1. Using only the Cα atoms of the chain, what are the Rg and Dmax in Å?
2. Keeping every protein chain present and rolling a 1.4 Å probe, give me the accessible area per residue for the chain in Å².
3. Obtain the nm distance between the two label points defined at D56 and E191 by a simple spin-label model: each point lies 7 Å from its Cα along the Cα-to-C-beta direction.
4. For an R0 of 25 angstrom, estimate the FRET efficiency from the Cβ-Cβ distance between E156 and T237 and round to the nearest 0.05.
5. Between the stretch 213-277 and the stretch 75-106, what is the C-alpha centre distance in whole Å?
6. Grab the other residues whose beta carbon is less than 13 angstrom from that of L291, score K and R as +1, D and E as -1, and report the net.
7. Rounded if a/c is under 1.5, else prolate if a/b is larger than b/c, else oblate: which is the stretch 193-233, with a ≥ b ≥ c the root eigenvalues of its Cα gyration tensor?
8. Given R₀ = 25 Å, what would the calculated FRET efficiency be for L281 paired with K80, taking r from the Cβ atoms and rounding to 0.05?
Amino acid sequence: MNRKFVDLHLHIDGSLNIAWMYERARKRKVIPDNMSFEDYYLTLIPSGEDIKAVFDRFDVPLAIMQREEDIHDCCYELLKEISRDNVIYAELRFAPQLHTREGLSQEEALRAAIKGVEDAMDDYPVTANILVALMHQGDSAAVNYDENMESLLLCEKYLGHCVCGLDLAGFENNCDLDEYAPLFKIAKEKEIPFTIHAGEMGNGENVRKALNMGADRIGHGINSIQDETIVEELVRTQIPLEICVTSNLYFGFTYASHPIHELIRRGCKITICTDDMSFCLNNMAYEYNMLNKVGISDEMLDQFTLNSIEAAFISEADKEVLRKQLKNA
Ligand SMILES: [Zn+2]
């Protein structure tokens, strides 16, 4: 079957082709001259039990994402790759504040990403938008409140120009999720759509907090199964969950034991996403195949794709275009 996919949850910095990253890292001399591809590849594998090591891996791609040309090319190459993987629409997470280490402003970084997306859409049969990611940094939301506010205002400025909304990413347990409520209150007032990483490594209560902030979607949300009332709220509101099964295997699940099965059984609105393809070594087809192998039917998988279209931060007319593309596949 020539299935087409919609991916609403993938991080640009976590999803680059590793061989391509290695070449760019050599060109930019951000790795030792004599570093082999194998050794470079191993830097992407977290060591030890420290969950924060998962986040240290992002330093590898971020080292080559500090110039406008490189940010542009990363976005371009990623879209080229996913278009070949039959993704017809994607929402790409990008945190401008992580791309200012060599002097770029957040706005310059975001504009470079937008240009990369636009150029790729000209050349390949794929449509994409950027979700501007606010970041957890340090042990309080106050640590980078100004940077997050700057990102939020940039999102507002470029909304509708290859930018479709906000996300909150990073180490979920750094501080109380409620500390970010003031930022999302402003986003609500400005009518910016947003999704929040919640209930991935954090507890189910974070999903409730994200729902209370008015999140339009939940990134992961799998730990909502810890609390009956949160699942009930997800079922009642039909707020979509962006489920990234392979990414969650790090927490000890298998494809068969992942909470997705319980969330489906309870009637949650499910979308399937890749999260970080460089670390997960996955793509959308892989996710669908693995879920199919553990008993999720083709019909259900088709429904997940329709759910993703419905949940996308795009106009109804644009959703209809995607539905037609699916039908023609
Ligand atoms: Zn994520």
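The values are calculated or read from the model by the stated rules, or taken from the named source; none is laboratory data. Please read all numbers here as calculations on a predicted model, not as lab measurements. Backbone-built Cβ (ideal geometry, glycine too); neighbour counts: all protein chains shown. Note: accessible area is taken over every heavy atom of the protein model, side chains too, but ligands, DNA and RNA are not part of it. Shrake-Rupley method; radii C 1.70, N 1.55, O 1.52, S 1.80 Å.
1. 18.5, 56
2. With the other protein chains kept in place, the chain gives 41 Å² per residue.
3. 4.6 nm
4. Efficiency computed from Cβ-Cβ geometry: 0.50.
5. 24 Å
6. -2
7. Note, shape of the stretch 193-233 comes out oblate.
8. For L281 and K80, the calculated efficiency is 0.85.
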